Amino acid sequence: MSELVPGATRLYKKSRAEDFGFTLEEFCGIVTDAVNRQSLADLRLNELILARACARGNNKAWEEFLSLYRAKLHSAALGITKEESVAREIADSLYADLYGTRADESGERISKLESYSGRGSLEGWLKTVLAQEYVNRLRKERKLVSFDESIGNRMDGISERLPEEECAQLRQATDAALIELSSEERFLLAAYYLDERTLGEIGRMLNVHESTVSRRLEKITSALRKRIIVRLKKAGITKDAAEEMLDLDVRDLGIDVRSRLAQER
Amino acid sequence: MAKLSQFVRFRLAMQQRQLTDHPDANLMEAFAEQRLSARERAEIFGHLATCPECREVLSLAASADANTPAALSERERRPATWWIWRSAAAAVICLVTTVIWRSPLFENSMKLESTAKAVIAKKQPVVPAAVTPNDVEPEKSKPAKLPVLPKQASPRKSVQIPTLRLRQDTASHLSAKISLPEPPPQVEVTAQVPSSAAALDRAPDQIPSEPKPTFQTQYRANAAKVFASGKAYPRPKSMWTLGEATAAATQGTVQKSEDGGSTWQVIRVDPSTLLYALSAAGPNIWVGGADGKLFHSADDGLHWIQITVASDYSRMTESITKIDVIDEQQIRLKTSSGDEWVTVDGGLHWRR
């Protein structure tokens, strides 16, 4: 199998797989499996081998893992939860999962580290897993308000302002313009205008400066408005009327949001 | 920020879904690290655009480094104003430093120190001082010119500070030894001139053995008194800039100021390399230059190591034109060919 992995022996030594008790064949098996999903050049080989060795219960690997990631994991948990006690709780819970508290049919422990693919950094993966755990926990505790609820709350007490026909034209024009946007553009709009995240937060999510996010949002918003107006004009609405329709407060549109959400899903 | 029509916002909200099938942590992390193919990235964006939960996960993971609740919210919505606060903070630091320098307490401590040094200089034999690679860069022509340097000749604002008066004492002591013209009793020089260091280069065997008074020694001496008096004392902040790449004498050097920019120390990094980029974050200083050479100091410029920027299959050989320090572990380099190299483990591993 080693001939399937170019430079297998060199990589085997470099990744310290031997130190963690893997044979060359086992190492090649792990690498072959991982490169099915990505190129070898992009693989975080050392971290993948460390994670797999920990999943197998290698003590040396665990020592190294703890020395490298223990402090970072607690710090990340605190950064995510902003509460010391909750941070400790989810970090400890993740440790248990990483070590493997459940067993498969043959009685072998199932370590969460087994699912690390080496595609991103191990540290980043741990942070993402922590964030997922935290969001799951919030959902279970019903601390996350669903969009249906939040929109419904905002749209309560609406009154009729536009005729149904014009409202339908506006809806069609808007939906068509939104579909024309790229998925990245829709993500930016959703993150900023729906989640009400700051430019800095979005910048950190995408690894770009907040001024870049700001510029892009400006561009998307103005382009979107122009496209909607063009579509409304095509539907026979004057530019001024189209502008006026877009500037209406949605709460004045006479839409029963709760029933609309129920219909459209 | 342009206002998005309420109706558009409403229609956008209608596209949100309560999904149950989410990308796994590997994909999300690879997305955050920009390691996905364009197609995969577009797919993840498509999911994120309609899944508020995954946006929350991505945001939390991205802000996980901040131990304290990040200073998010309103301040970050106004990116154009950050420099005002930073400039104001820098101005306050400079003002406080200047006031302390000019304070009677500081003057007294300097007079005492200067008197003591003069006495020691007379009594002790002259031995050359040890020079380390990071010592102050010698400037050969400065000692002779020091006494007659006109006030207007300096491009920087002339500051009369005790440090330089002390150096003037040293210079007059040196001039007696190496037969330089007698300096006038009171001179005003630019804060940048390292007179004793220049003399060191000119006549190494004529240099007094006592350590050159630095900002830190003065700071410590004065700080002890101020602390004893129960008053607060500001810590100096290091400022960094590149040496002039065109001048042979400053090639491969950077300059550091610990007093808000009044005086600058020239620090040698690698004289054989032209340096083009510098980034400082606390005590971590990163400097990059020609031929892909990257240098790092983790102790505010005292010691430097050269970092090899290479992935498993390629090595960076282009000039480094920009260094972005995202945090202690994540550094992004830009090269003259437009490539970008990133490390997420403080420079141990790199990827293009």
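Each value in this text was obtained by applying a stated rule to the coordinates, not by laboratory testing. Computed from a prediction, not measured in an experiment: that's the story for all the values here. Cβ atoms come from the backbone with ideal geometry, glycine included; neighbour counts cover every protein chain shown.
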* To do: Starting from the Cα of A:K234, step 7 Å toward the Cβ, then list every residue of region A:163-180 with an amide N under 16 Å from that point.
  => A:169-180
* To do: Apply the Karplus parameterisation 6.51 cos²θ - 1.76 cosθ + 1.60, with θ equal to phi minus 60°, to every residue of region B:296-310 and state each ³J(HN,Hα) to the nearest whole Hz, in sequence, with x for glycine and proline.
  => 9, 10, 9, 10, 6, x, 6, 10, 10, 10, 8, 9, 8, 9, 8
* To do: Would you pull out the residues with amide H under 5 Å of B:Q255's amide H, same chain only if 5 or more places away, H placed 1.01 Å from N?
  => B:T241, B:L242, B:G243, B:I267
* Which ordering of B:I320, A:I220, B:I44 is given by a fewest-first count of other beta-carbon atoms within 10 Å? -> A:I220, B:I44, B:I320
* Asked: Across peptide B:44-54, how many C-beta atoms of other chains are within 10 Å of each residue C-beta, on average?
  -> 6
* Would you please state the base-10 log of I(q)/I(0) at q = 0.14 1/Å for region A:162-247, with intensities from the Debye formula using one equal scatterer on every alpha carbon? => -0.54
* Asked: Could you work out Rg/(2.2 N^0.38 Å) for region A:1-84, with Rg from alpha carbons only?
  -> 1.27
* Neighbour-count ranking [beta-carbon atoms within 10 angstrom, fewest first] of A:K233, A:K127 -> A:K233, A:K127
* **Principal semi-axes in Å for region B:239-343 [√(5λ), Cα gyration tensor, largest first]** => 22, 16, 11
* To do: Evaluate region B:7-55: find the radius of gyration of its Cα atoms, find its Kirkwood radius, and give the ratio Rg to Rh.
  => 1.03
* Asked: Semi-axes of region A:2-140's equivalent ellipsoid from the Cα gyration tensor, sqrt of 5 times each eigenvalue, largest first, rounded to whole Å?
  -> 29, 16, 14
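Fewest first, what order do B:I93, B:I267, A:I49 take by the number of other Cβ atoms within 10 Å?
Values: B:I93 18, B:I267 23, A:I49 26.
In increasing order of surrounding Cβ atoms, one gets B:I93, B:I267, A:I49.
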* Structure fact -> With x for Gly and Pro, the residue-by-residue ³J(HN,Hα) of region B:252-269, computed from phi through the Karplus equation 6.51 cos²θ - 1.76 cosθ + 1.60 at θ = phi - 60° and given in whole Hz, is x, 10, 10, 10, 10, 10, 10, 10, x, x, 6, 10, 10, 9, 8, 10, 7, 9
